[in-house]
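Structure record follows, encoded as structure tokens.
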Amino acid sequence: IYLVFVSKQWYQRRVRGLHRLVSLNKLYLGFNKIIVIENLEKCTSLKELHVECQKLPIGEKMLFDPRTLMCLAQSLLVLNISSNRVDSIKDLSCLRQLTQLTCKDNNLTSMRELSKVFSMLPALWKLELEGNPVCSKPKFRDRVIVMTTNLAIMDGKEITDTSRKFLQNWRNMKDVRKKNSEKDLLPPIKKGDPGDNNVNSPYVSPYPASLSTPSFTQPGVHFNDAAIRPIGSRGSNPRLLTSSTSVLKLENNRNGSVAHQIM
């Protein structure tokens, strides 16, 4: 048997009675009530599967039995799942021989998922995605073309080799600019920089080793060698309080300069 056409026969949610058709090549099950694509494990020669426009209950979406997909992975070439509220095609990544995928008027939203799935379908050359929310994303068509390797027709429009090469070069330039911008955000620390933790760094502190680096300056503190003289010297006689941990503040009053200990 090379062709089975069971359309508008109102299958009740499940595919049944096809397990003996081991030589089946094409199967048309559109406009039924199928929710889950299953029970096709024996149809290992199936090349085309058309299950578009199922009459699904409100809130339901088409699902795929992983066992069925794995059994069809080596034979299935054409798949039509349009208008079935499909919101994910990640399960289709096992269909490595797939050449044509029609998935119009569904609920696909993720560009990341499309990129991952299409990278697993090297033989894909015809793709229909019109009517999905993901199609409204910026540069959608260009991005999908770059995701694939052999895509020749997308949404009914031909993809030329020239346009593919142009988009591929554009993508490569964009990746290079992104990498360069990331490098500019974190410039490398030069050898000798004070932030360099290398113990062999040639950076030398401007302060002598015997002195500590000044860390705080008190407002109003002035050290004037001409105004401060030792006790007993001629001229004004400031009372100088000496201490290794003291800070002096000089205030001028009518009687002359007086030194006060403030720390």
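The values are calculated or read from the model by the stated rules, or taken from the named source; none is laboratory data. Owing to the predicted nature of the structure, the values given are computational and were not obtained by experimental measurement. As a convention, Cβ positions derive from the backbone with ideal geometry for all residues, glycine included, and neighbour counts pool all protein chains shown. Calculation scope for accessible area: heavy atoms of the full protein, side chains included, ligands and nucleic acids excluded. Shrake-Rupley method; radii C 1.70, N 1.55, O 1.52, S 1.80 Å.
Things to note:
- Of CYS71, CYS43, the residue with the largest accessible area leads and the full order is CYS71, CYS43 (1.4 Å probe).
- What region 53-117 shows is 47 Å² of accessible area per residue, with the surface traced by a 1.4 Å probe over protein heavy atoms.
- Computed with a 1.4 Å probe on the full set of protein chains, the accessible area for ASP142 sits at about 50 Å².
- Solvent-accessible area, 1.4 Å probe, carbon plus sulfur percent, for region 51-150: 50
- When only Cα pairs below 8 angstrom with a gap of at least 6 residues are kept, region 80-133 shows a relative contact order of 44 percent.
- Computed label-point distance, nm, for sites ARG14 and SER115 using a 7 Å Cα→Cβ extension: 4.0
- Karplus (6.51, -1.76, 1.60) ³J(HN,Hα), θ = phi - 60°, over region 134-150, in Hz, Gly and Pro reported as x: 5, 5, 7, 6, x, 6, 4, 4, 4, 5, 5, 4, 5, 5, 9, 10, 10
- The slack between ASN150 and ASN180, meaning 0.36 nm per residue of separation minus the straight C-alpha distance, is 7.8 nm.
- Each Lys or Arg adds one and each Asp or Glu takes one away; over the other residues whose Cβ falls under 14 Å from the Cβ of ASN169, this sums to +2.
- Largest-first ordering by accessible area, 1.4 Å probe, given options CYS103, CYS135: CYS135, CYS103
- Distant-in-sequence amide contacts of LEU108, defined by a placed amide H-H separation under 5 Å and a gap of 5 or more residues or a different chain, comprise VAL134.
- Normalising the Debye intensity of region 102-191 to I(0), with uniform scatterers on Cα atoms only, and taking log10 at q = 0.16, 0.17, 0.21 Å⁻¹ returns -0.70, -0.77, -1.06.
- About the centre of its Cα atoms, region 28-124 shows a dipole size close to 100 debye [charges on the beta carbon of Lys, Arg (+1) and Asp, Glu (-1) only; nearest 20 debye].
- This model, with +1 at the C-beta of Lys and Arg and -1 at the C-beta of Asp and Glu, gives region 107-151 a dipole about its Cα centre of some 160 debye.
- Under the Karplus curve 6.51 cos²θ - 1.76 cosθ + 1.60, θ = phi - 60°, whole-Hz ³J(HN,Hα) for region 19-36, x wherever Gly or Pro sits: 5, 8, 8, 6, 9, 5, 9, 10, 9, 10, 10, x, 6, 10, 10, 7, 9, 10
- With both labels modelled 7 Å from their Cα along Cα-to-Cβ, the LYS165 to ASN39 distance reads 5.2 nm.
- If you sort MET147, MET62, MET173 by accessible surface, 1.4 Å probe, largest first, the order is MET173, MET147, MET62.
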